[in-house]
Each structure stands twice: as C-alpha cells, then as structure tokens.
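So the structure is just underneath, and the comments pick up after that.
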Amino acid sequence: MSQDNPIIYIIDDDASIRDMLEMMVASVGHESRSFADGASFLEAFEDGHGCILLDIRMPGMSGMVVQEKLNEINTMTPVIFITGHGDIAMAVEAMQKGAFDFMEKPFREFELLEKIDKAVAQDKEQRSDLTKQHEIKERIESLTKRELEIMGLVAKGHANKVIAIDLNIAQGTVEIHRSRIMNKMKARSLAQLMRMLMVAGELNDES
C-alpha cells in the first residue's frame with residue numbers, strides 16, 4: 001500500500017452510515033474500503049498508510065474488541081471511533097488504549113474530514129519515522145537506566161505522582177525525566193510512544 005495513496009477503512013453495521021462515509025471520503029480523493037462488521041474487516045485488513053473509521057457499538061464484535069485485535073497485531077494505522085450518545089466514556093477508554101480520536105454522532109462532515117486528514121498525516125509521518133524496528137531500539141538504548149525505569153512505569157499507565165512515590169523521587173524530577181524520554185524517543189504524544197514500544201516489542205500483556 002503506497003504512502004501516497006491512503007486507504008480509509010470504514011466499519012459500521014449501519015449501511016446508510018457506510019454509504020455516507022464512503023461518499024464523504026471520496027469527495028476529498030481518498031480510497032475507502034467498507035465493512036459491516038469487525039470480523040470481516042479484520043479478515044481483509046492490511047496494515048498500511050491510511051486510517052480506520054470504527055463504530056464503537058456493533059452486533060457481534062464491538063469496536064472496542066476490534067481495537068484490541070488491532071493492538072495485538074501492532075498495527076500503526078490510526079483509529080477514529082464513531083460513537084453514539086452516551087458512549088463518550090468508552091471512547092475515552094479507547095483513546096487511552098491508543099485510538100487516535102473519536103467523533104460523536106451526529107457529526108459535521110468538515111470536522112470528521114479534518115480528523116481524517118490529521119490521522120492520515122500523522123500516520124504518514126510515523127511510517128516514515130519508524131520504517132525500521134532497529135531505529136526505535138537505538139532510541140531506547142540511548143535512555144539512561146532511570147529513564148528506562150520511568151518509561152516502563154509510564155507504559156503501565158502510572159501517573160507522575162505515583163511514579164515519584166514508587167521511586168522515592170520528586171514529582172518534578174519525574175516530569176523532567178519524562179520530557180527527556182519523549183525527546184530521545186522522538187515521540188509527540190503518549191499514544192505515539194506506546195505504539196513505538198509495541199513496534200519494538202517492548203510491551204507485553206502485563207504492561
């Protein structure tokens with residue numbers, strides 16, 4: 001899949017929503033592939049440049065489960081969740097697990113297109129930066145022992161205050177180390193750092 005021709009995957013059990021999203025994506029020149037359920041999407045999915053528009057509530061396999069499956073195969077393709085009223089808490093949880101963003105129905109076309117553009121741009125940049133696994137490992141090897149320790153705790157979801165207590169250091173010191181970690185790893189967000197660690201094989205089921 002060419003980096004110059006992103007694929008927008010659309011997964012929604014509502015045919016009218018799929019049709020609308022297909023037309024919207026086509027209007028800005030993107031190619032799309034649509035699926036009525038998570039299982040058929042996962043069977044056809046090819047990890048490559050683009051993004052995924054994923055309904056959070058679907059019969060059978062929910063959007064949250066689909067995201068878990070994508071995380072298991074360490075895909076870098078960003079996920080934008082499409083949510084209904086009352087699903088915001090689930091969407092926030094999904095973002096904590098690496099989703100790029102979410103949109104609540106009914107949404108305005110230009111806002112979703114803007115999020116798609118940002119996701120596609122970020123995906124292209126990440127694929128350019130992370131073309132080889134050893135590049136990430138070299139960044140990890142540049143970290144000090146303390147930075148590695150703190151990064152491991154960050155990857156487990158520990159807050160700065162908790163890390164400071166666990167390591168018996170000042171919270172400000174933790175913040176300085178986190179800033180240095182982000183700079184050395186060339187990560188612009190926690191979600192990007194987590195994806196880097198996944199690509200490098202530094203995250204396991206206990207993280």
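Could you list all residues from region 92-107 that are part of a loop (DSSP other than H, G, I, E, B) and either at pLDDT 90 or above or within 16 Å of the chain's Cα centre (by Cα) (or both)? Residues satisfying the conditions are K97, G98, A99, F100.
Please tell me if E114 is within 20 Å of P6 (Cα to Cα), touching a helix residue (DSSP H, G or I) at 6+ places or on another chain (Cβ under 6 Å) and surrounded by fewer than 18 Cβ atoms within 10 Å (Cβ to Cβ). It is false that E114 is within 20 Å of P6 (Cα to Cα), touching a helix residue (DSSP H, G or I) at 6+ places or on another chain (Cβ under 6 Å) and surrounded by fewer than 18 Cβ atoms within 10 Å (Cβ to Cβ). For region 32-91, the set of residues classified as among the hydroxyl-bearing types (S, T, Y) and over 13 Å from the mean Cα position of the chain (by Cα) consists of S32, S34, S40, S62, T83, listed by residue number. The sole residue among M58, M90, M95 that is farther than 29 Å from A187 by Cβ and aliphatic (A, V, I, L, M) is M58. Test R188 against the criterion of being outside any helix (DSSP H, G or I) and either surrounded by 19 or more Cβ atoms within 10 Å (Cβ to Cβ) or not assigned by TED's automatic domain parsing to the domain that holds V79 (or both), and give yes or no. So R188 fits the description; yes.
Which one of these is assigned to a helix (DSSP H, G or I) and over 21 Å from Q96 (Cα atoms): R195, R146?
Residue meeting the stated conditions: R146.
The condition of being assigned by TED's automatic domain parsing to the domain that holds I17 and either of a type in the set (A, V, I, L, M) or in contact (Cβ under 8 Å) with a residue 12 or more places away in the chain (or both) holds for A119.
Checking the structure you have, find out if any residue of region 2-20 is in a loop (DSSP other than H, G, I, E, B), over 20 Å from K124 (Cβ atoms) and of a type in the set (A, V, I, L, M, F, W, C). No, because not a single residue in region 2-20 is in a loop (DSSP other than H, G, I, E, B), over 20 Å from K124 (Cβ atoms) and of a type in the set (A, V, I, L, M, F, W, C). Search region 123-143 for residues being assigned to a helix (DSSP H, G or I) and without any contact (Cβ under 8 Å) to a residue 24 or more places away in the chain, and hand back the single one that is nearest to A191 (Cα to Cα). Only one residue tops the list, namely E125.
The values are calculated or read from the model by the stated rules, or taken from the named source; none is laboratory data. Predicted model, so just to flag it, every value in this text is computed and none were measured. Positions of Cβ are generated from backbone atoms using ideal geometry, with glycine treated the same way; all protein chains shown enter the neighbour counts.
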